[in-house]
Structures are given as structure tokens and as C-alpha cells.
Amino acid sequence: MAAKNRTSAKAATAASKVLRDGRTSKASKTAAGSALSQTPAKRKGK
């Protein structure tokens, strides 16, 4: 069963910055990637 919790936009932005920063540890990048994988998909309008 999938978790119903979703990462907020603010947390997703912070996680994105961690992934782009080359100075962060592998553990930090793993946590950030996990947080981003829980963000809702953006829907594209027509």
C-alpha cells in the first residue's frame, strides 16, 4: 500500500537544492531524492 503523505512544495525545493549542490553528502542526497519521489506529479494543461 502506498503512503498517502506527500512532500510539500517548500520541502521539494529544498531537496532539489541539496541534489544540485556538489558539496552535500551521499546520505543527504539519498534523503532528498526520497523526498522528491514523494512529490505529486505536475499536471500539464492543454
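The values are calculated or read from the model by the stated rules, or taken from the named source; none is laboratory data. This is a predicted model, so every value here is computed, not measured. As a convention, Cβ positions derive from the backbone with ideal geometry for all residues, glycine included, and neighbour counts pool all protein chains shown.
Tell me, which residue of region 14-27 that is surrounded by fewer than 13 Cβ atoms within 10 Å (Cβ to Cβ) and not aliphatic (A, V, I, L, M) is modelled with the lowest pLDDT?
Filtering first and then ranking leaves Gly22.
If the Cβ limit is 6 Å and pairs must be 6+ apart or interchain, which residue in region 14-36 that is at negative phi pairs with which residue that is loosely packed, with under 11 Cβ neighbours inside 10 Å and outside any helix (DSSP H, G or I)?
Close Cβ pairs satisfying both conditions: none exist.
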